[in-house]
1. Need the failing condition index for Val129 against (1) touching a Cys at 6+ places or on another chain (Cβ under 9 Å); (2) within 25 Å of Leu18 (Cβ to Cβ); (3) modelled with pLDDT of 95 or more, just the number.
2. Which of the residues belonging to the stretch 3-25 are open to solvent by 30 Å² or more (accessible area, probe 1.4 Å) and modelled with pLDDT of 90 or more?
3. Which of the helices (runs of 4 or more DSSP H) contained wholly in the stretch 147-229 include at least 1 residues that are touching a residue at least 12 places away in the same chain (Cβ under 8 Å) and under 20 Å from the mean Cα position of the chain (by Cα)?
4. Checking the conditions here, which among Lys181, Lys151, Lys186, Lys162 is open to solvent by 40 Å² or more (accessible area, probe 1.4 Å) and in contact with a helix residue (DSSP H, G or I) (Cβ under 6 Å, 6 or more places away or on another chain)?
5. Restricting attention to the stretch 189-210, and to residues there that are touching a helix residue (DSSP H, G or I) at 6+ places or on another chain (Cβ under 9 Å) and acidic (Asp, Glu), which single residue is farthest from Asn223 (Cα to Cα)?
6. Quick one: which residue in Arg106, Arg56 is in a helix (DSSP H, G or I), of a type in the set (D, E, K, R) and at pLDDT below 90?
7. (1) surrounded by 20 or more Cβ atoms within 10 Å (Cβ to Cβ); (2) at pLDDT below 95; (3) under 29 Å from Lys186 (Cα atoms): which one isn't true of Thr119, the others all being true?
8. Quick one: is Thr206 among the hydroxyl-bearing types (Ser, Thr, Tyr) and open to solvent by 70 Å² or more (accessible area, probe 1.4 Å)?
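The values are calculated or read from the model by the stated rules, or taken from the named source; none is laboratory data. Everything numeric here is computed off the predicted structure, so don't read it as measured data. Virtual Cβ from ideal backbone geometry, glycine too; neighbours counted across all protein chains shown. Areas reflect the complete protein model, heavy atoms only, side chains present, ligands, DNA and RNA absent. Shrake-Rupley method; radii C 1.70, N 1.55, O 1.52, S 1.80 Å.
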Amino acid sequence: MKNILVPVGSSKNALSHLQYAVDFASAFGAKLYVVQVYNVYTKAGTMIKVDQIIERESKAFLENLVSKTDTKDVDVIVKTLKGNLIDVLELACKAGEVDLVLVEPRTNSIKDEVYLGKTSGKIIKQMDVPSLIVPEGYKFSKPSSILMAIKSAIIKKENVLKPLTAIKDKFNVSVDLLLVKTPYHKEADFDLNTDLLGIVNNITQTENATTFQGVLEHFQSHNPDMLCVVRRKRGFFAKKWEKNTILKKDFHSSIPVLVLSGLK
């Protein structure tokens, strides 16, 4: 893992989230891109160059935030980007060859009942880049166990397991695989290929209506330090992410959640 990107909002958790990102990047010897995306809508003929003012203030905000963190040996690059959130971030990830995006649950929302705010939910739902959701106020520590929950082990994309493999190898993590048999299960769904077999240490099979319910049932018995799920068009959290915002009553995690891009 060589390049990590962390979008920063205006939440009170921004400093804590950035410190986690720095500590995580330091563990891998990775470069850290700290970015803030803004958009400006002005009327024709406006005299004030609003976008330049916002860009300057945004950059100053990021630089001040970075100055308050212990950057250790990490190469931190600050960027302010203008445009549509997802389009701009995807371009930035492509240009920077980003391996992972670190997301804080609520970049702007201050509502206590919200787990993932609109911006964070949009990043998780719409971006085709692996992401790590870091709980608010969570301090970095080396994970020792990961629970990976999937309803199909069929892998067609190349390098889709790369972030999980990198974390396992770096921290010598034990990976428990939870195979969830849903009503739409096919026999081939539980055929594990060589790559996946090489990662997991233990395998558990369960029958549930959804992968989400499977996780709820087995979470406490596995007691992981990190949860790993797969982004699918109609997969884990699909309905809950349709409106981007996710409420804590629907899902809440006190540990980091690694979201891989779709396996197929």
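1. The failed condition is (3).
2. Initial filter on the stretch 3-25 (open to solvent by 30 Å² or more (accessible area, probe 1.4 Å)): 10, 12, 15-16, 19.
Of everything in the stretch 3-25, those that are open to solvent by 30 Å² or more (accessible area, probe 1.4 Å) and modelled with pLDDT of 90 or more turn out to be Leu15, Ser16, Gln19.
3. Where helices (runs of 4 or more DSSP H) fall fully within the stretch 147-229 and carry at least 1 residues being touching a residue at least 12 places away in the same chain (Cβ under 8 Å) and under 20 Å from the mean Cα position of the chain (by Cα), they are 162-171, 211-222.
4. Values: Lys181 fails: in contact with a helix residue (DSSP H, G or I) (Cβ under 6 Å, 6 or more places away or on another chain); Lys186 fails: in contact with a helix residue (DSSP H, G or I) (Cβ under 6 Å, 6 or more places away or on another chain); Lys162 fails: in contact with a helix residue (DSSP H, G or I) (Cβ under 6 Å, 6 or more places away or on another chain).
Going through Lys181, Lys151, Lys186, Lys162 in turn, just one is open to solvent by 40 Å² or more (accessible area, probe 1.4 Å) and in contact with a helix residue (DSSP H, G or I) (Cβ under 6 Å, 6 or more places away or on another chain): Lys151.
5. Going through the qualifying residues, I end up with Asp195.
6. Numbers: Arg106 fails: in a helix (DSSP H, G or I).
None of the other options fit; the residue is Arg56.
7. All conditions pass for Thr119, except number (3).
8. no
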